[in-house]
Amino acid sequence: MATGDLALGQEQGTISTRQRVVNDFSINLATVNGSGSQSANSVLLKAIFGMGVPVSGKNLFPSNIAGLPTWFLIRASKDGYVARKRDTEILVSLNAETARQDVMALPVGGVAIYEEQLNLKQYRDDVFFYPVPFDKITASICSEVKLRKLVKNMVYVGVVAQILAIDLGVVEHSLKTQFAKKQKVFDLNFGAVKAGFDYAAANFVKQDPYFIEPMNETTGKIIIDGNAACAMGAVFAGVTVVAWYPITPSTSVVEATSDLLKKLRVTPDGKASFAVVQAEDELAAIGMVLGAGWAGARSMTATSGPGISLMAEFSGLGYFVEAPGVIYDVQRAGPSTGMPTRTQQADVLSIAFLSHGDTKHVILFPGSVKECFDFGSDAFDLAERLQTPVFVLTDLDLGMNNWMSDPFEYPAKPLDRGKVLTAADLDRLGGFARYRDVDGDAIGWRTLPGTPHPKAAYFTRGSGHNDAAGYTEKPEEYTAIMDRLARKFDTARNLVPGPITVANGTSMIGFLAYGTTDFALRESLDQIQKEHGLAVDYMRIRAFPFTREIHDFVASHERVYIVEQNRDAQLASLLKLDLPAAQTTKLRSILHYNGLPIDARSITEEFAAKEGL
Amino acid sequence: MATATPAPKLNRIGLPVLDYRGGKSTLCAGCGHNAISERIIDAMFEMGVEPERVIKMSGIGCSSKSPAYFMSRSHAFNAVHGRMAAVATGAVLANHTLTAIGVSGDGDTASIGMGGFVHMLRRNVPMIYIIEDNGVYGLTKGQFSATADLGSKLKTGVINDLPAIDTCALAIQLGATFVGRSFSGDKKQLLAMLKAAIAHKGTVMLDVISPCVTFNDHEGSTKSYKFMQENDEPINEVGFVPSFQEIEVDYSSGEILDVQMHDGSSLRLRKLLDDYDPTNKANAVRTLMEAHEKNEVLTGVFYINTGQPTFIDLLNVVDEPLATLPESVTRPPKSALDALMANLR
């Protein structure tokens, strides 16, 4: 169908079963930000989910409040692929500014549902066109001019549902969950959905091959964004002090945390078993986190790149005085302000060594919303066990987009509050040295301020100190502390979440990845198998410092591709520092850093080119 | 046989003053900061504060070293330059049952730490914040700080051509609820102010002029011992009667303002300046501004407000320290997670 005019009405007849594309395509909803399209997009996403079809959504939005182009990508995938698909087959075009570029981006045989005034047929003739008079339809069902802009979005939900054969009852259900307890709002919006649905039924004959058909792949699943999942993780890890400074894309981590705390952590007499402070800047935010951690609270902050830069000095203090705290970094595209609403994995290296001097930090890399939740307990436990700041690195893609997941499981282990001496312990021991390695794991025992014992106190200082926390400039005392801190980092190696071996067969080629790259890589590995007949191995890294298994994985392969979303191969660089020199030459990088979430096709193509396939 | 040494004087909780002492000071002999450490020891001892119930917070600089020189039985956190306010805020949130005393300097507060300082004031974080104010950077050998007065002279002859930041005026304006200035050489006034500070609930901001004998104690300095001895103008005579002592009428003349503190103690301010009302913010700031124009250094309690909710009150935090709440309180039950999951289906 390369050249024929496929515009509606030109060709009649049904689509043969062979041509049908069922539950395997992407929809691009092109709107203007601030127009309220988010709810409509969410309803559509959840309707496809309600049809039992694996689905994912990606909001590509501008760093702006209103008036700039925004795109929402919904991917339906019978195979369960949830990464961004490089091409989208279906366009819903409501933004005049980007209409031309959007329709030109469609593949041949794609679908354009659009505001009829945009007259997209003028640009090409090899896609299916469904022109809709959105404004007219909206005006006919909504008398309040003020509300029309919002209601219009629901009209396209109805049109899309009709064209893709999504059950109207399922859309209704999805809308009901969205507007729970707001009957009037529901009525108005469902009226709009129906108007769109009916308009499409009356005016279009289905020509395109795309269909949503019921499946049974989402039963029991939940849909949640990574930031909300991190928030839940922190709350179920017993966080008590939260200090933060608003920054995209991490803001909703704390907003969700705060909402959950207000809901779940108010005592029967109305008091809060938590404190949330909006600080004056990220310097103060992490200062409060470390002050609270030092005094014994489970404390956290959430930030993104620029905030991480500001937290550098304090991170070094936390490392050196050995104070716990959890720092969520929802990475965005840097450097500098970069692209605040675009995604990247480009804070890895700076965080690994954040601050001046010999400093190393523990980093967790959640690779799903479920791990965003699970790593909450891990991060707080590790921070207190290791007495050090622990960084949880997600990214905008994971944090701000909706993901399908198995429900989160209640933490199986009790909280690990680490090595803390009580007054009774001090009576028994007759005293303690704060930074002395008495257990051989390089972790000292601490006391909390307020411990009622004359020997409980110690002097915490970011200046040179000895193992009794006394000030020192003596070479041997200083190096003893630094060497113990290095050993403590080795202890961390055995405590952090180990890697997940996704595939480890007989291939001489291995892949390593972390975080959101996993979604695209899994799909790419299927493509590599299907298209090149290669079954390659894959291990997903979940933490720094790297565990033994990662070294073994590299050792047991001839070539290891590290796929990541930054320009400078940051995790590969970190791994090179860790590996024996002979192993480092095995490492190859596949990098993606344009701000859009990585996609499978790009990985497959680059891998094939590098392997000469 | 040697004669038995007399038993040391014990305070109301049975501790000798020795239990309030710290390590040996490494600051210069004659440094004002050492005198302030002494007064803190006296105040804590006389008030009968349990040393284990105190946290000592500081930033970086000569001043910020001083927590090592008092109260070794208290936990201390010597953090990074200019960030003591934030660290102290976090520690207080974690355990608001402790008495937090922060020691900072004029550089640590009024330059690098200004951002955190003003927001701590705004929040009325319950703590004592002391600025050991000498107008210069000591550890880097004598550069002007932001509290150096206009026209004052460095040892090298350099004249300060920028106006001083008045941390007291700032603190009053921004929300501290107990604001005063004293002089490290005025034992009586400083001790009374510190005792009242311990009794206060809310941010206490004390700017204590503390001459730097090495870099800023010369002719032309406005933070020298000599200048303070000549220009110190107390606006009130500060008396303090702790809750556990009976009030004796020891003021013979003058008008006395008796301020009832939260713990039942009483701050007694005898007016030395006509019409000075330390409960009136606008008047307090105006008085300070006018004094600058006359090159006077006012000392005393400039402002006090015992009715303002603290940050802890505003956050409505439970009575127990957040730090040590049990898991049964801090980790919601499985049913709560199940309910959340059900809503996401």
Open item on the list: Which three numbers, in whole Å and largest first, are the semi-axes of the equivalent ellipsoid of the stretch B:144-292 derived from its Cα gyration tensor as √(5λ)?
Closed with: 30, 16, 14
Task: Ellipsoid equivalent to the stretch A:230-386 - semi-axes via the Cα gyration tensor, in Å - done: 23, 18, 15
- [ ] Using label points projected 7 Å from each Cα along Cα→Cβ, tell me how many nm separate A:Ala139 and A:Val185, to one decimal.
- [x] 2.7 nm
Open item on the list: I'd like the Karplus ³J(HN,Hα) series for the stretch A:381-398: coefficients 6.51, -1.76, 1.60, θ = phi - 60°, whole numbers in Hz, and an x wherever there's a Gly or Pro.
Closed with: 4, 5, 4, 7, 5, 8, 6, 7, x, 10, 9, 10, 9, 10, 8, 4, 4, 6
- [ ] Starting from the amide H of A:Val326, placed 1.01 Å from N in the peptide plane, find each other amide H under 5 Å away whose residue is 5 or more places distant or on another chain.
- [x] A:Ser299, A:Met300, A:Thr301, A:Val390
Open item on the list: Using a Debye calculation, one point per C-alpha and no hydration shell, please list log10 I(q)/I(0) for the stretch A:105-262 at q = 0.10, 0.12 Å⁻¹ in order.
Closed with: -0.55, -0.75
Open item on the list: For A:Ala112, what residues show an amide H to amide H distance below 5 Å, using hydrogens built from the backbone and excluding near sequence neighbours?
Closed with: A:Leu91, A:Phe128, A:Phe129, A:Tyr130
- [ ] Would you list which lysines come within 18 Å of B:Lys195, measuring only between C-alpha atoms, while excluding same-chain residues fewer than 8 positions from it?
- [x] B:Lys56, B:Lys187
TODO: Please go through the residue pairs A:Lys146/A:Lys182; A:Lys181/A:Lys262; A:Lys262/A:Lys360 and name each one whose alpha carbons sit more than 25 Å apart in this structure.
DONE: A:Lys262/A:Lys360
TODO: Report Rg (one decimal) and Dmax (nearest whole number) for the stretch B:17-324, counting Cα atoms only, units Å.
DONE: 18.0, 55
Open item on the list: Between the stretch A:274-310 and the stretch A:80-144, what is the separation of their alpha carbon centroids in Å?
Closed with: 44 Å
Task: Efficiency of FRET between A:Ser309 and A:Met104 - r from beta-carbon atoms, R0 51 angstrom, step 0.05 - done: 0.85
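If you count, for each residue, the other Cβ atoms within 10 Å and average over each peptide, how do B:218-224, B:98-104, A:53-59 line up from highest to lowest?
B:98-104, A:53-59, B:218-224
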TODO: Quantify how strongly other chains surround peptide A:257-264 by giving the mean number of their Cβ atoms within 10 Å of each of its Cβ atoms.
DONE: 2
Open item on the list: I'd like the mean, over residues of B:331-343, of how many other protein chain beta carbons sit within 10 Å of each residue's own Cβ.
Closed with: 6
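I need the peptides B:198-209, B:54-65, A:116-127 ranked by packing, meaning the mean over residues of other C-beta atoms within 10 angstrom, with the highest value on top.
Order by mean packing, descending: B:54-65, B:198-209, A:116-127.
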Task: Rg in Å to one decimal, and Dmax rounded to a whole Å, for the stretch B:22-115 via C-alpha atoms - done: 12.8, 37
Open item on the list: Give me the dipole magnitude in Debye, nearest 20, for the stretch B:17-324 about the Cα centre, with unit charges on the beta carbon: positive for Lys and Arg, negative for Asp and Glu.
Closed with: 960 debye
Task: Simple label model, 7 Å out from Cα along Cβ direction - B:Glu255 to A:Gln117, nm - done: 7.3 nm
TODO: Could you give the C-alpha radius of gyration of the stretch A:467-582 expressed as a fraction of 2.2 N^0.38 Å, taking N as the number of residues it contains?
DONE: 1.37
Open item on the list: Once R0 is set to 41 Å, what does the formula 1/(1 + (r/R0)^6) return for the Cβ-Cβ distance between A:Val438 and A:Thr585, expressed as a FRET efficiency to the nearest 0.05?
Closed with: 0.45
Task: 32 Å Cα-Cα threshold exceeded, pairs from A:Lys85/A:Lys176; A:Lys221/A:Lys271; A:Lys221/A:Lys576 - done: A:Lys221/A:Lys271; A:Lys221/A:Lys576
Task: Projected area, mean over directions - the stretch A:355-485, Cα convex hull, nm² - done: 10.8 nm²
Task: Cα centroid separation, the stretch B:1-31 to the stretch A:347-389 (Å) - done: 45 Å
Task: Net charge dipole size for the protein assembly as shown [Lys, Arg +1 and Asp, Glu -1 on Cβ; Debye, nearest 20] - done: 1000 debye
Open item on the list: Between the stretch B:266-345 and the stretch A:223-243, what is the separation of their alpha carbon centroids in Å?
Closed with: 28 Å
TODO: Would you mind computing the Rg to Rh ratio of the stretch A:199-275 from its alpha-carbon coordinates, Kirkwood style for Rh?
DONE: 1.30
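Roughly speaking, what % of Cα-Cα pairs in the protein assembly as shown are separated by over 40 Å, rounded to a whole number?
For the protein assembly as shown, the fraction of Cα-Cα distances above 40 Å is 50 percent.
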Task: Highest average packing first - A:531-544, A:477-490, Cβ atoms within 10 Å - done: A:531-544, A:477-490
Task: Other-chain or far-sequence residues with amide H under 5 Å of A:Val362's (modelled H) - done: A:Phe391
Open item on the list: I need to check one value: relative contact order of the stretch B:17-324, counting alpha carbon pairs closer than 8 Å and at least 6 residues apart, in percent.
Closed with: 18 percent
- [ ] For the stretch B:30-147, build the charge dipole from Cβ charges (+1 Lys, Arg; -1 Asp, Glu) around the Cα centre, then report which of B:Gly102, B:Ala85, B:Ala68 sits farthest towards its positive end.
- [x] B:Ala85
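Quick one: in the stretch A:96-197, what % of C-alpha pairs are over 23 Å apart?
33 percent
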Task: Alpha-carbon Debye profile of the stretch A:147-190, log10 I(q)/I(0) at 0.20, 0.23, 0.25, 0.31 Å⁻¹ - done: -0.62, -0.80, -0.91, -1.15
Open item on the list: Quick check for me: using +1 on Lys/Arg Cβ and -1 on Asp/Glu Cβ, what's the dipole size of the stretch A:243-344 about its Cα centre, in debye to the nearest 20?
Closed with: 360 debye
Open item on the list: 7 Å from Cα along Cα→Cβ at both A:Asp269 and B:Glu320: what's the point-to-point distance in nm?
Closed with: 1.2 nm
Open item on the list: Using Cα springs under 10 Å in a Gaussian network model of chain B, which residue among B:Met120, B:Met289, B:Met261 shows the largest mean-square fluctuation?
Closed with: B:Met289
Task: Averaged over B:112-122, number of beta-carbon atoms from partner chains that fall within 10 Å - done: 2
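None of the figures in this text is laboratory data; all of them are computed from the coordinates on show. What you are looking at is a predicted structure, and each value in this text was computed from that prediction instead of being measured. Note that each Cβ is placed from the backbone with ideal geometry, even for glycine, and that neighbours are counted across all protein chains shown.
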